[in-house]
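Following: one structure in structure tokens, then a few remarks.
The values are calculated or read from the model by the stated rules, or taken from the named source; none is laboratory data. Just so you know, these numbers come straight off a predicted model, no measurement behind them. Quick reminder, even Gly has a Cβ in these numbers, built from the backbone with ideal geometry, and neighbours come from all protein chains shown.
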Amino acid sequence: MGKIITLYHANKEENLAHAEDRPESIPYSSDYHGWLGQGVYFWEDPLRCRQWKSDRFYSAMIEATIDLDDIVDLMSMNPETISFVAAMEKTLCAGKFKTINDRSKQLFQLDADIINRSRVSTLRSGLRGPFYLSGPIASNGNLYKDYHAQIVLWDCSILRKVRLIKDSVSVPGDHSSFQAG
């Protein structure tokens, strides 16, 4: 067993109604070109998830745990990650893509296409990657104010300890209570 991490996901309440008993019932994102391609998206930071919930007018949020050994972790240089990165590079070189990335518009369609095509190269159930959306704090620097990890799962059956976060339930790391949107 590897490192266990806690994840958060926001969605419509009806889409999460059975998540505690059947995590595989959580629907994939409708956006084929999400940051990490097709799948179900999670945050490690409950406050970022809460903000996403609010921005999208979602009505529910879940908390769950996963074992990082079950996913490709682009923030760790293990053999599985090295192999997956090589598969992505090979996919990029071999493919003719009509999509583009445009950081200014938060569009990462080319990245998503590469991941969608490369994921057949792994037996893992998802992908974790680092993101930042703003410019650097210092000109040409590598410090950003909004780094975060994003996780996409292709198979939600790996989720453990899934719980629906109800109204007025405290979310770890948050100093207020959760309020449904």
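Limited to region 92-112, what total is found for residues that are hydroxyl-bearing (Ser, Thr, Tyr) and within 14 Å of Gly37 (Cα to Cα)?
The number of residues fulfilling the criteria is 1.
Has region 43-55 got at least one residue that is touching a Pro at 6+ places or on another chain (Cβ under 7 Å), touching a residue at least 40 places away in the same chain (Cβ under 8 Å) and surrounded by 13 or more Cβ atoms within 10 Å (Cβ to Cβ)?
Step one: of region 43-55, the residues touching a Pro at 6+ places or on another chain (Cβ under 7 Å) are 46.
The next check asks that each one be touching a residue at least 40 places away in the same chain (Cβ under 8 Å); those that pass are 46.
Those left that are additionally surrounded by 13 or more Cβ atoms within 10 Å (Cβ to Cβ): 46.
Looking for residues that are touching a Pro at 6+ places or on another chain (Cβ under 7 Å), touching a residue at least 40 places away in the same chain (Cβ under 8 Å) and surrounded by 13 or more Cβ atoms within 10 Å (Cβ to Cβ), one finds at least one in region 43-55, hence yes.
Restricted to region 1-25, and to residues that are free of Cβ contacts under 8 Å to residues at least 60 places away in the same chain and among the hydrophobic types (A, V, I, L, M, F, W, C), which residue is surrounded by the fewest Cβ atoms within 10 Å (Cβ to Cβ)?
Looking at the filtered set, the residue picked out is Ala17.
When the residues of region 119-131 are narrowed to those that are closer than 11 Å to Phe84 by Cα, touching a Phe, Trp or Tyr at 6+ places or on another chain (Cβ under 9 Å) and modelled with pLDDT under 90, which ends up surrounded by the most Cβ atoms within 10 Å (Cβ to Cβ)?
Going through region 119-131, the residues closer than 11 Å to Phe84 by Cα turn out to be 119-124, 127.
Filter again for touching a Phe, Trp or Tyr at 6+ places or on another chain (Cβ under 9 Å), leaving 119, 121-122, 124, 127.
Going one step further and asking which of them are modelled with pLDDT under 90, we end up with 119, 121-122.
Numbers: Arg119: 23, Ser121: 15, Thr122: 17.
Of everything passing the filter in region 119-131, Arg119 is surrounded by the most Cβ atoms within 10 Å (Cβ to Cβ).
Could you tell me which residue of region 158-168 is farthest from Leu123 (Cα to Cα), considering only residues that are at pLDDT below 95 and not aliphatic (A, V, I, L, M)?
Only one residue fits best here, namely Ser168.
Let me spell it out: the conditions are (1) part of a loop (DSSP other than H, G, I, E, B); (2) touching a Pro at 6+ places or on another chain (Cβ under 9 Å), and Met77 meets all of them except one. Which number is the exception?
Here Met77 meets the rest and fails (2).
Please determine whether any residue of region 7-16 is in contact with a helix residue (DSSP H, G or I) (Cβ under 9 Å, 6 or more places away or on another chain), at pLDDT 90 or above, in a helix (DSSP H, G or I) and among the hydrophobic types (A, V, I, L, M, F, W, C). It would help to see each step written out before you state the result.
The first filter runs over region 7-16 and keeps only residues in contact with a helix residue (DSSP H, G or I) (Cβ under 9 Å, 6 or more places away or on another chain), leaving 7-11, 15-16.
Right, trim to at pLDDT 90 or above and you get 7-11, 15-16.
Narrowing further to those that are in a helix (DSSP H, G or I): 15-16.
Filter again for among the hydrophobic types (A, V, I, L, M, F, W, C), leaving 16.
Taking every residue of region 7-16 in turn, at least one turns out to be in contact with a helix residue (DSSP H, G or I) (Cβ under 9 Å, 6 or more places away or on another chain), at pLDDT 90 or above, in a helix (DSSP H, G or I) and among the hydrophobic types (A, V, I, L, M, F, W, C).
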